[in-house]
Amino acid sequence: MPHPGWTEFSFEGIGTRWEVSTPSPLSGAHRRRLLDAVEAYDAAWSRFRPDSLVAGAARTPGRYELPPEAAVLGPLYQSLYRLSGGAMTPLIGTSLERLGYGAGYRLRPEGPPLPAPRWEEVLDWQGTVLTTAEPVGIDIGAAGKGQLADLLSAVLNSCGIGEHLIDASGDLLNSGPGPGLDTGRAPVEVALEHPYDPGRAIGIIPLGAGALCASAANRRAWGDGLHHVLDGTTGAPVRTVVASWALAASAAVADALATALFFVDGARLRREFDFSWLTVYSDGHAEYSTDLEGALF
């Protein structure tokens, strides 16, 4: 995946494997800054650790001061909650726990699906301040991995490392050459994993500067047809879509829109977001934006 001659720094973070590729090896100080950013994000947003901010919100209602990135997450989720009629929501944490996808990774449902609470009844999210009317299970998995990729890219840029490729287990953020540079570097050719056969691809997309993120029903799946993309209005996994891809300038937006495509038609999302997309449905057909580059097999 990285460009020829580049070096990789690999690590585990927020439950996934990361590879940061750069033209030259990262120093120890640069690596530490990246790992510190991962730890800070996990400490705020992980519902799998009891000391995180969102774990506190799951136990006790009240007012919570969130880190700066919350000011981006809140409006993004609010827009997609509105566009999906409440189906895409950060309040899905308790619903996931109910189906077995919680801190203990029990992977056995406790009972039938549990709808998420209505945002307007339990949650007020203003910038970096979160106020809850009752204990709420917050899960920002739909956008979190992408946002962390954006944050790591910002760390690298602040260190003067303007050229980099971040691979968060298939969600990709590719920087362009730095200002005034013309390296002739070709786009990264990305194979799109077949939703029913991880050993095959259904197409190839060239990724220049920007992000490509995916969501699939075969990832984080368990039990009898259970997976992590839940409809907040029912608490049940989505059955109509099996995989989606979104390309956008930021990884947070691409990541969130890849999930939103499970609930909202891509053409509708394009009215409010600048992105390209591909959605594969459970009946075997695919839909995509007219500006999507690459080839489908």
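What the table below lists for this structure:
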{"read-out": "Estimated Rh, region 1-91: Kirkwood, alpha-carbon pairs, angstrom", "value": "15.8"}
{"read-out": "From phi via Karplus (6.51, -1.76, 1.60), per-residue ³J(HN,Hα) for region 79-86 in Hz, x at Gly/Pro", "value": "5, 6, 4, 5, 5, 9, x, x"}
{"read-out": "Quarter of Cα convex hull surface for the chain, i.e. mean projection, nm²", "value": "15.5"}
{"read-out": "DSSP loop trypsin sites (Lys or Arg not before Pro) with at most 14 other Cβ within 10 Å excluded, longest remaining stretch of the chain", "value": "119-238"}
{"read-out": "Accessible surface, per residue, of the chain when the full set of protein chains is kept, probe 1.4 Å, Å²", "value": "44"}
{"read-out": "Spin-label model distance (nm) - residue 103 vs residue 282, 7 Å beyond Cα toward Cβ", "value": "3.2"}
{"read-out": "Surface share of carbon and sulfur [accessible, 1.4 angstrom probe, percent] for region 188-297", "value": "51"}
{"read-out": "222 nm mean residue ellipticity, helices alone, for the chain (DSSP H n ≥ 4; -39,500 (n - 2.57); rounded to 500)", "value": "-8000 deg cm²/dmol"}
{"read-out": "Euclidean distance between Cα centres, region 64-88 to region 42-59, Å", "value": "17"}
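The values are calculated or read from the model by the stated rules, or taken from the named source; none is laboratory data. Bear in mind that the values here come from a model prediction, so they are computed numbers and not experimental data. Every residue, glycine as well, gets a Cβ built from its backbone with ideal geometry; the counts of neighbours run over all protein chains shown. Calculation scope for accessible area: heavy atoms of the full protein, side chains included, ligands and nucleic acids excluded. Shrake-Rupley method; radii C 1.70, N 1.55, O 1.52, S 1.80 Å.
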